[in-house]
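The values are calculated or read from the model by the stated rules, or taken from the named source; none is laboratory data. Here the structure is a predicted model, which means the values were calculated and not measured. With ideal geometry, Cβ positions are generated from the backbone for all residues, glycine too; neighbour counts draw on all protein chains shown.
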Amino acid sequence: MRVLNVLRHWVSKHFQDFEQDAALRSQTIAFLDDITCSPNLLPTEHRAASQLLRLLCRDDIDSGKQQLEILLTPPQTPSKESIETLSALEIAEQMTYLDHQIFLAIRSEEFLGQAWMKSDKKSRAEHIILMTKRFNDGSRLVCSEIVTRSNMAARVAAIEKWTAVADICRCLHNFNGVLQICAAFTNAAVYRLKKTWDKVPRTIKSTITKLQAVVCSDGRFRVMREALHRCDPPCIPYLGMYLTDLSFIEEGTPDFTPDGLLNFSKMRMIAHVIREIRHFQQTPYKIDHIPKVTSYLLDTSLLLDDDELYHKSLQIEPRSSRLSAPNTANV
């Protein structure tokens with residue numbers, strides 16, 4: 001029964017081990033098959049072994065990765081939707097849906113040994129890289145949707161809409177989404193649009209300031225950490241905060257003690273960070289997938305690169321005078 005209890009804990013807490021390692025799964029299934037046939041097994045032990053077998057033999061055990069790949073595939077034809085046709089609530093919920101699907105897929109081992117910074121990062125930290133790409137693409141979409149509006153009123157409306165999206169993300173405890181949008185507002189191509197920002201209502205600027213205060217990196221993201229510890233899951237933290245923590249531990253603490261022993265203090269610090277991440281992975285959002293909205297969010301044809309963004313920015317507001325950029329406290 002002790003062996004079955006260990007297996008039950010392993011399967012329930014670290015199921016991704018069996019998803020990623022077909023040999024481990026087949027060996028475990030073979031072991032459980034053998035013991036379920038044993039006449040010496042108690043009824044409770046037989047039920048426990050049978051339950052584990054059912055979990056490991058599910059037909060959909062290999063489908064999670066494929067489903068995520070399908071979900072994140074950009075639309076083959078440009079989306080018909082835009083920031084004007086979709087509501088802030090729809091966009092915020094579907095941003096959260098996409099972010100959370102990737103966040104749930106991140107395996108604990110991806111956080112070990114700064115795997116996301118190594119040459120083989122695409123295989124060792126596949127979902128961390130995917131989460132980073134989604135963050136960058138999401139932020140770039142916000143920038144692109146602002147600077148491609150040649151009409152000032154449309155740009156102001158876009159800023160207002162994205163501010164509303166960020167505020168709803170905050171209410172949904174999607175801090176990753178809040179920072180995606182706040183990062184776009186401070187992108188050079190958007191930030192320099194002084195005439196546009198001058199037309200943004202004071203209430204919107206005040207909301208942006210409050211949102212920026214929540215996701216500010218000061219004090220190692222002190223305010224965001226406090227918000228995370230106060231909120232009840234579901235929740236999506238900004239992953240970069242934890243990657244910074246892990247890098248600090250990896251680079252600042254030796255693997256071995258002066259006596260040549262394994263530094264368990266370091267291992268405990270790493271485990272503490274990963275345990276906190278896993279805590280936020282346990283509770284799912286109750287958000288239905290709306291394909292037309294995610295197609296818009298994933299439409300790469302809408303994204304401009306850095307040079308294109310700045311070129312568009314100069315087109316809509318040329319360098320005509322040496323006016324100062326907007327104050328960060330008000331943007």
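Let me confirm something: among Gln94, Gln101, which residue is without any contact (Cβ under 8 Å) to a residue 60 or more places away in the chain, surrounded by 16 or more Cβ atoms within 10 Å (Cβ to Cβ), part of a helix (DSSP H, G or I) and out of contact with any Lys or Arg (no Cβ under 8 Å at 6 or more places or on another chain)? Answer to the selection: Gln101.
Here Thr148 does not qualify as closer than 30 Å to Met269 by Cβ, surrounded by 15 or more Cβ atoms within 10 Å (Cβ to Cβ), touching a residue at least 24 places away in the same chain (Cβ under 8 Å) and of a type in the set (S, T, N, Q).
Taking each residue of the range 61-81 that is under 16 Å from Ile106 (Cα atoms) and looking for partners that are of a type in the set (A, V, I, L, M, F, W, C) and at pLDDT 80 or above with beta-carbon atoms closer than 6 Å, six or more apart or interchain, yields Leu68/Ala105. Give Glu93, Glu110 a once-over and let me know the one that is in the same structural domain as Lys161 (by TED's automatic domain parsing), modelled with pLDDT of 95 or more, touching a Leu at 6+ places or on another chain (Cβ under 9 Å) and within 28 Å of Thr283 (Cβ to Cβ). The match here is Glu93. Looking only at the range 30-46, residues that are surrounded by 12 or more Cβ atoms within 10 Å (Cβ to Cβ) and modelled with pLDDT of 85 or more come to 3 in all. Inclusion of Thr253 among residues that are among the hydroxyl-bearing types (Ser, Thr, Tyr) and at pLDDT below 95 is not warranted. Being under 32 Å from the mean Cα position of the chain (by Cα), polar (S, T, N, Q), modelled with pLDDT of 85 or more and closer than 23 Å to Cys143 by Cα is a description that applies to Ser79. Residues satisfying the criterion are absent from the range 28-42 (criterion: out of contact with any Asp or Glu (no Cβ under 9 Å at 6 or more places or on another chain) and under 21 Å from Ile236 (Cα atoms)). If you go through the range 21-59 and keep only what is closer than 23 Å to Gln281 by Cα and in contact with a Lys or Arg (Cβ under 7 Å, 6 or more places away or on another chain), you end up with Leu52, Leu56. Total residues in the range 116-171 satisfying the condition of being more than 21 Å from Glu81 (Cβ to Cβ), in a loop (DSSP other than H, G, I, E, B) and of a type in the set (D, E, K, R): the figure is 2. Residues considered: Gln76, Gln66. Of these, the only one that is in a helix (DSSP H, G or I), of a type outside the set (A, V, I, L, M) and over 14 Å from Asn176 (Cα atoms) is Gln66.
Of the residues making up the range 235-278, those that are closer than 27 Å to Phe135 by Cβ and in contact with a helix residue (DSSP H, G or I) (Cβ under 7 Å, 6 or more places away or on another chain) number 19. Among the residues of the range 252-266, those that are in contact (Cβ under 8 Å) with a residue 12 or more places away in the chain and under 29 Å from the mean Cα position of the chain (by Cα) comprise Thr253, Ser265, Lys266.
The set of residues in the range 252-270 that are in a loop (DSSP other than H, G, I, E, B) and either exposed (fewer than 12 other Cβ atoms within 10 Å of the Cβ) or outside the structural domain of Ala115 (by TED's automatic domain parsing) (or both) comprises Pro254, Asp255, Pro258, Asp259, Gly260, Leu261.
Could you check, for the range 225-232, whether at least one of its residues is over 27 Å from His100 (Cα atoms) and touching a residue at least 40 places away in the same chain (Cβ under 8 Å)? No, the range 225-232 contains no residue that is over 27 Å from His100 (Cα atoms) and touching a residue at least 40 places away in the same chain (Cβ under 8 Å). Within the option set Cys216, Cys231, being in contact with a His (Cβ under 6 Å, 6 or more places away or on another chain), closer than 26 Å to Ser139 by Cβ and either in the same structural domain as Ala158 (by TED's automatic domain parsing) or among the hydroxyl-bearing types (Ser, Thr, Tyr) (or both) holds for one residue only, Cys231. Taken together, Arg322, Arg275 contain a single residue that is modelled with pLDDT under 95 and more than 23 Å from Leu211 (Cβ to Cβ), which is Arg322.
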